[in-house]
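**Q** Right, I'll just put the structure down here and ask away after.
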Amino acid sequence: MAIDYAAKATQARKKVLEIVYKAQASHIGSDFSVIDLATVLFEQVQFPKDKVLWSKGWVAAVAYYFLAEKGIIPKEDLELFYVDGSKYIGLVEPAVKGIDFAGGSMGMGLPAGVGFALAKKLKKEEGVIYVIMSDGEQAIGTTWESALIAHHHKLDNLVVLVDYNKFQAMGKTNDILEIEPLKDKWKSFGWQVLEVDGHNFAEIEKAILEKRSRPTVIIANTIKGKGWARAENNNLYHYKQISESEYQEALSELQ
């Protein structure tokens, strides 16, 4: 039976919206842009031999949601998001089962991913390392140093997914530092490059399942805040907390 990705993604948005609102946390725009990618990825990933590293670690609510859906953490633990003393903070940390590397410090996830992938090669272990990155991280030096190392070691067990929503914390990504032509940059570093509509489930699935003979990057063109009209392409919702009226509005649209 075909997977109903759309229904799963809508359910994910509703729950992430709920826990972010209850916690009076932020990053709902970033959460909503990456959910469709994560929905497909977590249906295809094979734990425990595969790993998912959240370099874009401020989408912790999304990471925790999908870990709960996979049974890696208890679903009731989602109610502990942002609770004082809880390990479920706003940036992913390895204190949480299923989080193998601390994310949120820009440009650090891919270096870790290269290390995990190279270790698998040396140990002759099966499995793929997936690294979920932001587009802002495409302007950081560690990204490109890591890309060179991955190419040098022929890490065909390494896949990067770039959530290219065209915004970062302080404005439009390409206004802050031009990263285009992004596809050509990755190609010049010897990577297999796939570009998809980051909200088209069939395209995402095809890219994730693509046969690989070298490190691969999937550049997913997404909309920040996807699914809630007020938040779409509105960078205010990178940091803004959600009011009760906004919560009800977003929930109504998702229904």
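The values are calculated or read from the model by the stated rules, or taken from the named source; none is laboratory data. Everything numeric in this text was worked out from a predicted model, so none of it was measured. Because the Cβ atoms are built from the backbone with ideal geometry, glycine has one as well, and the counts that use them run over all protein chains shown.
**Q** If the Cβ limit is 9 Å and pairs must be 6+ apart or interchain, which residue in segment 18-30 that is within 15 Å of Gln168 (Cβ to Cβ) pairs with which residue that is crowded, with 19+ Cβ neighbours inside 10 Å and of a type in the set (Asp, Glu)?
**A** Matching pairs, first to second residue: Ser30/Asp163.
**Q** Additional query: Where in segment 139-255 are there strands (runs of 3 or more DSSP E), lying wholly inside it, with at least 1 residues that are within 16 Å of the chain's Cα centre (by Cα), loosely packed, with under 15 Cβ neighbours inside 10 Å and at pLDDT below 95? Can you show your working first?
**A** Values: elements: 158-164, 192-197, 216-221.
Per the criteria, no element qualifies.
**Q** Then there is this: Take the conditions farther than 22 Å from Gln248 by Cα and of a type in the set (Asp, Glu) and apply them to Glu43. Does it pass?
**A** For Glu43, the condition - farther than 22 Å from Gln248 by Cα and of a type in the set (Asp, Glu) - is met.
Residue-wise test of (1) surrounded by fewer than 17 Cβ atoms within 10 Å (Cβ to Cβ); (2) without any contact (Cβ under 8 Å) to a residue 12 or more places away in the chain; (3) assigned to a loop (DSSP other than H, G, I, E, B).
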{"residue": "Leu37", "(1), (2), (3)": "no, no, no"}
{"residue": "Gln46", "(1), (2), (3)": "yes, no, yes"}
{"residue": "Gly57", "(1), (2), (3)": "no, no, yes"}
{"residue": "Val62", "(1), (2), (3)": "no, no, no"}
{"residue": "Val92", "(1), (2), (3)": "no, no, yes"}
{"residue": "Ala95", "(1), (2), (3)": "yes, yes, yes"}
{"residue": "Phe101", "(1), (2), (3)": "no, no, yes"}
{"residue": "Ser105", "(1), (2), (3)": "yes, no, yes"}
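**Q** I'm trying to understand the selection: among the residues of segment 166-205, which are out of contact with any strand residue (DSSP E or B) (no Cβ under 8 Å at 6 or more places or on another chain), farther than 20 Å from Trp144 by Cβ and not small (Gly, Ala, Ser)? I'd like the intermediate steps shown before the answer.
**A** So in segment 166-205, the residues out of contact with any strand residue (DSSP E or B) (no Cβ under 8 Å at 6 or more places or on another chain) come out as 167, 169-172, 174-175, 177-181, 184-185, 188-190, 199-202, 205.
Add one more test, that the residue is farther than 20 Å from Trp144 by Cβ, and what stays is 167, 169-172, 175, 199-202, 205.
Scanning segment 166-205 gives Phe167, Met170, Lys172, Asp175, His199, Asn200, Phe201, Glu205.
**Q** Hey, another quick one. Go through segment 5-21 residue by residue and tally those that are aliphatic (A, V, I, L, M) and surrounded by fewer than 19 Cβ atoms within 10 Å (Cβ to Cβ).
**A** As a first pass, look at segment 5-21 and keep what is aliphatic (A, V, I, L, M): 6-7, 9, 12, 16-17, 19-20.
Filter once more, so that each one left must be surrounded by fewer than 19 Cβ atoms within 10 Å (Cβ to Cβ): 6-7.
Matching residues across segment 5-21 total 2.
**Q** With (1) outside any helix (DSSP H, G or I); (2) crowded, with 18+ Cβ neighbours inside 10 Å as the list, and Leu110 as the residue in question, which single condition is left unmet?
**A** If we test Leu110 against (1) outside any helix (DSSP H, G or I); (2) crowded, with 18+ Cβ neighbours inside 10 Å, just (1) comes out false.
**Q** Under 6 Å between Cβ atoms, which residue pairs at least 6 apart in sequence (or on different chains) link something in segment 230-255 that is on the phi < 0 side of the Ramachandran plot with a partner that is assigned to a helix (DSSP H, G or I) and of a type in the set (A, V, I, L, M)?
**A** Correct list of pairs: Tyr237/Ile28; Tyr237/Ala231; Ala250/Leu17.
**Q** Pairs needed: first member in segment 130-153, in contact (Cβ under 8 Å) with a residue 60 or more places away in the chain and under 20 Å from Leu177 (Cα atoms); second member anywhere, among the β-branched types (Val, Ile, Thr) and in a helix (DSSP H, G or I); C-beta distance under 6 Å; at least 6 residues apart or different chains.
**A** Going by the 6 Å Cβ cut-off, the qualifying pairs are Glu137/Thr143.
**Q** Could you count how many residues in segment 169-220 are closer than 14 Å to Gln138 by Cα and in contact with a Ser or Thr (Cβ under 7 Å, 6 or more places away or on another chain)?
**A** 1
**Q** Moving to a separate point now. Counting only residues that are crowded, with 23+ Cβ neighbours inside 10 Å and not in a helix (DSSP H, G or I), how many does segment 64-87 have?
**A** Residues meeting the conditions: 0.
**Q** For segment 231-242, give me each residue that is under 23 Å from Asn200 (Cβ atoms) and either touching an Asp or Glu at 6+ places or on another chain (Cβ under 7 Å) or not hydrophobic (A, V, I, L, M, F, W, C) (or both).
**A** Of the residues in segment 231-242, the ones under 23 Å from Asn200 (Cβ atoms) are 231-234, 237.
Result: Glu232, Asn233, Asn234, Tyr237.
**Q** Residues being charged (D, E, K, R) and farther than 22 Å from Thr173 by Cβ: count how many of those fall in segment 120-150.
**A** Matching residues across segment 120-150 total 6.
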